[in-house]
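J.: I'd like to ask some things about the structure below.
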Amino acid sequence: MGAKKRRDRKSRIPLSADSADRHLLYEASVQSVDFEVEFIGKTFREITGRKARFLREDFCGTAALACEWVGLDPQNRAIGIDLDGPTLEWGRQRHVAALGNDSSRVELVCDDVRAIRDPKVDAVIAFNYSYCFFKRRDELRDYFRVAHDALADDGLLFVDAFGGTEANSEMIEERVIGDAIAPDGRKIPTFTYIWDQHRFNPVTYDFLCKIHFEFKDGTRFDDAFVYDWRYWTLPEVRELLREAGFRDAIVYAEGWDEEEDDADNEFLPREEIEEMAGWIAYVIGVK
Ligand SMILES: C[S@@+](CC[C@H](N)C(=O)[O-])C[C@H]1O[C@@H](n2cnc3c(N)ncnc32)[C@H](O)[C@@H]1O
């Protein structure tokens, strides 16, 4: 939770394969909840003409995003849903507890996202490609229908997507994470995040991906997270959103900064982008 983090450099977090906390490392490696809540708030206002207040985070894991949302404004509320009880408990003890009195505005529910249609919310958020757990068209369409039912009349569903020429190739990508801060304010010692696109089947688009971590003492935490996904293309996601009842499915993607020779970090509605090695995008289902 970006700006609110208190730095405490005295006590160090131990980092070795036998002591590492995988949720802490996951959040430090892949999540940018401060950017995401800002994007959600701004985009919701642009599309609906009003402020989002009540947000549902599906596949919430540690509910970092739901709690960031609640901490943003005293009128904000959130519900987080995940199948995994211990992961939710990790989030309760760190993110929900850190909200203090405001924690009454966030509720975490241990269930299948497809089982929950109430209460009605302004926005349903399903990030880090979690809809890819659903491998059949009817399964994904059913999930999108549940999200549609859970929304207020003008509500929005936000999902993310990734693509590019390297998106579903079998490959390993490593990133050194050197400046991360834990939810309790302590600095996380430098470690390496390893994204392993382990196996892709071009016939079914089944896509097995893994996250490993490597530490400075030379030890590794292999298979910290394993995702048995189907890779869905943007046109498929848009078609299924419409089949599930959404009246529109808008792709928000970055443009290209010629001077920097890099993506420009501005997610805007786009009907065309240039193909590149890797891109990420948001798809917004409009009820
Ligand atoms: C890739 S993590 C996403 C965590 C978080 N949303 C994020 O953005 O980083 C996927 C999470 O989805 C949960 N999950 C998978 N299938 C689910 C289902 N059908 N209903 C609820 N949660 C599910 C898993 O337990 C896991 O915590």
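J.: More than 25 angstrom separation, counting every C-alpha pair in the stretch 88-223; what % is that?
T.: When every Cα pair of the stretch 88-223 is considered, 49 percent fall beyond 25 Å.
J.: Along the Cα→Cβ direction, 7 angstrom out, place labels at Lys216 and Ile177. What is the inter-label distance in nm?
T.: Taking the simple label geometry, Lys216 and Ile177 are separated by 1.6 nm.
J.: What fraction of the Cα pairs in the stretch 48-139, stated in percent, has a spacing above 15 angstrom?
T.: Everything past 15 Å amounts to 57 percent.
J.: Ok, one more. Which whole-number percent is the relative contact order of the stretch 167-230 (Cα, under 8 Å, 6+ apart)? Each step should come with its number before you reach the end.
T.: Values: 130 pairs, mean separation 16.7, N = 64.
Relative contact order, the stretch 167-230: 26 percent.
J.: Let me ask something else about it. Could you work out the relative contact order of the chain, using alpha carbon pairs under 8 angstrom and six or more residues apart, expressed as a whole percent?
T.: Taking the mean separation of contacting Cα pairs over the length of the chain, I get 18 percent.
J.: Work out, in µm²/s and without decimals, the Stokes-Einstein translational diffusion coefficient of the chain at 10 °C, 1.306 mPa s, Rh from Kirkwood over C-alpha pairs.
T.: 80 µm²/s
J.: Based solely on C-alpha atoms, express the radius of gyration and the Dmax of the stretch 167-230 in angstrom.
T.: For the stretch 167-230, the Cα-based Rg and Dmax read 14.2, 46 Å.
Bear in mind these aren't lab numbers, they're just calculated from the coordinates by the rules spelled out. This one's a predicted model, so the numbers in the text were calculated from it and none came from an experiment. Please note: Cβ atoms are built from the backbone with ideal geometry, for glycine as well, and neighbour counts cover all protein chains shown.
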